[in-house]
Amino acid sequence: MNTLQEKEYIEQMSKKLKKEQWIIQYRRLKSNYGLVVGASIIMVFIVLAIVGPLFTTYGPNDMKVISRLLPPSRDHWLGTDEFGRDLLTRIIYGARVSISIGVVVALLSSIFGLMIGIYAAFYKTWDHILMRICDGLIAIPGILLAIALMAALGASATNVIIALTIIFIPSIARVVRSNALVICKQPYIEAIQAQGASNSRIIWQHILPNTLSPLLVQATFVFAEAIISEAALSFLGAGIPAPGASWGNILQSGKLVIYKAWWMVVFPGAMIILSVLSLNLLGDGLRDFLDPHVKHKQKK
């Protein structure tokens, strides 16, 4: 076998190996029912939030007093609220608000939490300062801190994002820090430092990539918690201001007429439960998929 034939043989074996690896990963993904179910449900919610308003015949704030508190029917599939507004339309627009806030909060919390966690793990001086601030924020109940921030900032979607981001940054920072501390003690990090690599190169090229898997899992849980927190703030009147549609303020209106219009509580409540349940399934599935050793340890 000459050199050219050896090169072709190596290339064929490399392609075959990559194909087999993709097949194995696909089988693992297919057998991870929590990940598949959670991702499927949340994708349905995302598609509903994006394209749902295009197919509604009513506006989210179109009021018709003579049609107030109508039960589910052919004209109004999920009934109407106390102002005669179509409940299905408001729930669809509420999905757009809740999911967009959840995505932005999870993204911002992950970015800031990642930077804080990595630098706290790598620089001991920063560790004492940043972690004590995070401990102080974690010591305050999240919903109380959110209400206080909303009282200071005012009720709006932007301020809800700011308040919830501040609440969830410490939890992500602690997760990233704990993983980064383990990585910093690895022999290859010490070897890279001995070779004279800069701190920035060590942090961004070697520590950061190894913290992305737990960060992704934690971000899905933050996504779910952000949806619940936004609904709670809107329910208490400190979140999305009226007449904006939100699952939380729809529930807040429904509690006043729960005995006359059960659909105003059941349907938005079901949307919150399904979205949070799907995100938790997605997070658990991602944890098992990205770190299969966790599942093996649980079986033992």
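Since every read-out is calculated from the coordinates, none of them should be taken as a lab result. What you see is a predicted model; the values in this text were computed from it and never measured. Note that we place each Cβ from the backbone using ideal geometry, even for glycine, and neighbour counts take in every protein chain shown.
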*How fast does region 90-175 diffuse by Stokes-Einstein, in µm²/s, taking the Kirkwood radius from C-alpha pairs at 25 °C and 0.890 mPa s?*
179 µm²/s
*Run a plain Debye calculation on region 32-299 (Cα atoms as equal point scatterers, no solvent) and give log10 I(q)/I(0) at q = 0.10, 0.13, 0.15 Å⁻¹, rounded to two decimals, same order as the q list.*
-0.60, -0.89, -1.08
*In which sequence would 28, 74, 132 go, from the one with the fewest C-beta neighbours within 10 Å to the one with the most?*
74, 132, 28
_Highest mean first, how do 134-147, 104-117 rank when packing is the count of other Cβ atoms within 10 Å averaged over residues?_
104-117, 134-147
*If contacts are Cα pairs under 8 angstrom and at least 6 residues apart, what is the relative contact order of the chain in percent?*
24 percent
*Work from the charge dipole of the chain (Cβ charges, +1 for Lys and Arg, -1 for Asp and Glu, about the Cα centre) and give the residue of 262, 45, 217 farthest towards its positive end.*
217
*What shape does region 77-228 have by the C-alpha gyration tensor, where a ≥ b ≥ c are the square roots of the eigenvalues, rounded means a/c under 1.5, and otherwise prolate means a/b greater than b/c and oblate the rest?*
prolate
*Might you report the magnitude of the Cβ-based charge dipole of the chain about its Cα centre, with Lys and Arg at +1 and Asp and Glu at -1, to the nearest 20 debye?*
620 debye
